[in-house]
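Below is one structure; the comments refer to it alone.
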Protein chains: 2
Amino acid sequence: MAERRRRSQHERTAETSARLLNATIDLLHDQGFSRISTPQIAAQAGVSRGALTHHFATKEELVTDAINAMLERVTADLHRFAEDIAARGGSSDEIVDYIWRMMSDRLFYVTMEYLPEARHNDEFKDRLVPVVKNFHAGLDAIWMALAASRGADPGHTRTVMNASMCLVRGMIAQTVLREDPDYYSEMLAFWKAQVARHFPEKPARAARVAPKPATAPAAKRAAEPNSKPAKSLPARTAPKRGARA
Amino acid sequence: MAERRRRSQHERTAETSARLLNATIDLLHDQGFSRISTPQIAAQAGVSRGALTHHFATKEELVTDAINAMLERVTADLHRFAEDIAARGGSSDEIVDYIWRMMSDRLFYVTMEYLPEARHNDEFKDRLVPVVKNFHAGLDAIWMALAASRGADPGHTRTVMNASMCLVRGMIAQTVLREDPDYYSEMLAFWKAQVARHFPEKPARAARVAPKPATAPAAKRAAEPNSKPAKSLPARTAPKRGARA
DNA sequence: ACTTACAAACAGTCAAGTCTGTTTATTTGG
DNA sequence: CCAAATAAACAGACTTGACTGTTTGTAAGT
């Protein structure tokens with residue numbers, strides 16, 4: 001046995017809780033809400049079931065706490081990204097890529113697992129709504145930063161933001177039944193072009209690269225023509241067995 | 001006892017199966033996949049549990065059959081609508097409205113209930129994929145009819161179609177946690193304007209009503225300015241207790 | 001000493017699938 | 001055409017297994 005330092009109560013609680021919360025998210029992602037049980041979560045976390053029940057009275061409490069912790073982590077990242085974007089005046093393409101990566105990296109898969117529960121369980125839903133609101137505030141910060149730096153209308157920018165989020169949600173839902181990377185990368189490229197059209201060029205910078213006719217057949221094949229070649233665009237399609245973050 | 005006509009075996013099977021399949025979809029919509037049980041379905045259908053097990057060996061079989069039946073119904077409607085659109089040359093606004101109505105009228109709520117199951121159960125998924133493909137063929141027919149009548153590029157039209165579907169999926173997912181009719185109607189109006197931009201006017205008809213600048217701040221408030229005032233646009237927000245169709 | 005963290009056994013519930021028995025329709029031999 | 005034979009539709013009890021929440025007991029920290 002390795003030297004096991006004496007840990008304070010607070011440390012023990014923090015570690016055990018964290019293990020359980022992480023295990024819950026991992027299993028939620030990998031197996032789904034209806035398939036996970038408290039014995040399984042305890043096993044995955046490497047603690048006894050008694051420890052689990054000690055820290056979380058009910059399964060519902062454990063799951064909502066786990067989701068809240070996840071959303072708070074993601075929201076913190078979001079706010080950091082917003083500051084970064086505001087500082088260096090990033091492009092809308094960058095934002096779309098970020099959202100896609102964030103959402104398809106477990107976040108929306110986990111969301112899809114608990115949405116049905118939230119739809120039928122008001123207490124569950126009520127616990128989630130506030131932290132989800134906070135998450136949306138993070139999103140708003142990002143887009144408002146872009147709107148400010150480009151002099152775009154905030155109200156209209158919010159509509160574009162909301163549409164972007166909903167589009168990505170729908171795309172990720174679609175990955176469950178449809179495996180086709182081209183389908184997703186084409187749609188992302190199309191959407192980036194759409195979003196870019198709503199933000200005028202930065203006032204500081206001078207000329208536009210290619211004005212491009214803004215009429216109907218705007219982007220016959222909107223795949224490549226836009227900015228970045230393809231850093232790590234789409235590719236993710238419903239990863240069932242994901243390693244932990 | 002009221003006069004109970006002698007029914008053929010075939011009639012009895014058809015009726016009992018139909019009752020069970022309908023009850024399954026109703027309960028799937030109202031309670032969710034994880035909450036429904038075979039005793040409950042039998043009760044809702046007004047048949048005994050024995051009758052249920054006689055016609056459907058497993059719960060999985062019952063549920064997939066029920067979903068398939070629903071999707072086939074919706075797909076039939078879709079093809080009818082496609083013919084109709086082709087015949088009278090409807091607008092893209094009309095199509096967007098139709099899709100929104102169709103999806104938010106239980107279809108995508110039911111889908112959200114079974115997607116998690118499909119994600120973790122390959123057999124379940126494999127049973128669904130073919131009928132979902134057929135559904136998408138119906139969608140394709142609609143949009144290709146529009147593209148043909150407007151002389152739009154089919155490939156690009158498909159991208160717009162896919163984006164429309166994903167957007168609507170994401171919007172409906174969002175209704176679970178966010179109740180805000182304006183949010184949805186604004187987004188729909190915005191999207192209709194986007195889609196309309198990709199279809200040139202009908203060659204037969206003469207003048208355009210209002211060309212409208214297609215530049216950045218295209219629709220500062222895109223709520224009313226588009227075509228139809230508002231027939232039965234959005235309004236639906238996560239109806240938990242829906243009457244049967 | 002006393003409280004908190006952890007461990008494990010326990011009790012109650014309920015689902016899915018199987019099995020046995022009963023009624024209703026269809027087939028068939030006279 | 002009818003009655004016996006057969007098959008299908010239906011009804012409900014039973015088995016097994018698993019999960020949640022509870023309780024009782026032990027070890028670690030304050």
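Can you tell me which residue is nearest to the other protein chains (Cβ to nearest Cβ) among those in segment A:195-215 that are modelled with pLDDT under 50 and open to solvent by less than 70 Å² (accessible area, probe 1.4 Å)?
A:Ala214
Does any residue in segment B:36-59 that is closer than 14 Å to B:Arg12 by Cα come within less than 9 Å, Cβ to Cβ, of a residue that is within 7 Å of DNA strand C (Cβ to nearest atom) and open to solvent by 60 Å² or more (accessible area, probe 1.4 Å) six or more places away or on a different chain, and which pairs are these?
B:Leu52/B:Pro39
Check off (1) farther than 18 Å from B:Thr16 by Cβ; (2) within 16 Å of DNA strand C (Cβ to nearest atom) for B:Gly90 and give me the number that stays unchecked.
Unmet condition: (2).
When you scan segment A:16-31, do you find a residue that is more than 14 Å from DNA strand C (Cβ to nearest atom) and open to solvent by 50 Å² or more (accessible area, probe 1.4 Å), even just one?
Here is the first cut: in segment A:16-31, the residues more than 14 Å from DNA strand C (Cβ to nearest atom) are A:22, A:24-31.
With the extra rule that they be open to solvent by 50 Å² or more (accessible area, probe 1.4 Å), the set shrinks to A:22, A:31.
Yes.
Just to be sure before I move on: is B:Arg49 surrounded by fewer than 19 Cβ atoms within 10 Å (Cβ to Cβ), farther than 30 Å from A:Leu28 by Cα and either within 13 Å of DNA strand C (Cβ to nearest atom) or among the charged types (D, E, K, R) (or both) in the structure I sent? It would help to see each step written out before you state the result.
Values: surrounded by fewer than 19 Cβ atoms within 10 Å (Cβ to Cβ): yes; farther than 30 Å from A:Leu28 by Cα: yes; either within 13 Å of DNA strand C (Cβ to nearest atom) or among the charged types (D, E, K, R) (or both): yes.
Taking the combined requirement at face value, the residue satisfies it.
Which of (1) within 23 Å of B:Asp126 (Cβ to Cβ); (2) open to solvent by 10 Å² or more (accessible area, probe 1.4 Å); (3) within 8 Å of DNA strand C (Cβ to nearest atom) is the odd one out, the single condition B:Ile36 does not satisfy?
So B:Ile36 meets the others, but not (2).
Let's see how each residue does on (1) closer than 21 Å to A:Glu83 by Cα; (2) crowded, with 22+ Cβ neighbours inside 10 Å; (3) assigned by TED's automatic domain parsing to the domain that holds A:Gly89; (4) in contact (Cβ under 8 Å) with a residue 12 or more places away in the chain:
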site	(1), (2), (3), (4)
A:Val131	yes, no, yes, yes
A:His136	yes, no, yes, no
A:Ser185	no, no, yes, yes
A:Ala193	no, no, yes, yes
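What helices (runs of 4 or more DSSP H) lie completely within segment A:75-189 and have 3 or more residues being touching a helix residue (DSSP H, G or I) at 6+ places or on another chain (Cβ under 7 Å) and within 11 Å of chain B (Cβ to nearest Cβ)?
A:108-120, A:122-150, A:154-175
What residue, among those in segment A:52-72 that are more than 14 Å from chain B (Cβ to nearest Cβ), open to solvent by 60 Å² or more (accessible area, probe 1.4 Å) and in a helix (DSSP H, G or I), is nearest to DNA strand C (Cβ to nearest atom)?
Selected residue: A:His54.
Mind telling me which of the residues A:Arg101, A:Arg119, A:Arg88 ends up being within 24 Å of B:Ala163 (Cα to Cα) and among the charged types (D, E, K, R)? Walk me through it before giving the result.
Details: A:Arg119 fails: within 24 Å of B:Ala163 (Cα to Cα); A:Arg88 fails: within 24 Å of B:Ala163 (Cα to Cα).
Exactly one residue qualifies, and that residue is A:Arg101.
Quickly run through segment A:187-201 and pick out the residues that are more than 12 Å from A:Val160 (Cβ to Cβ) and of a type outside the set (Phe, Trp, Tyr). Break it down stepwise before answering.
Residues of segment A:187-201 that are more than 12 Å from A:Val160 (Cβ to Cβ), as a first pass: A:187-190, A:193, A:200-201.
Scanning segment A:187-201 gives A:Met187, A:Leu188, A:Ala189, A:Ala193, A:Pro200, A:Glu201.
The values are calculated or read from the model by the stated rules, or taken from the named source; none is laboratory data. For clarity, every value in this text was computed on a predicted model and none was experimentally measured. Backbone-built Cβ (ideal geometry, glycine too); neighbour counts: all protein chains shown. Heads up: the accessible areas ignore ligands, DNA and RNA and are worked out on the full protein's heavy atoms, side chains in. Shrake-Rupley method; radii C 1.70, N 1.55, O 1.52, S 1.80 Å.
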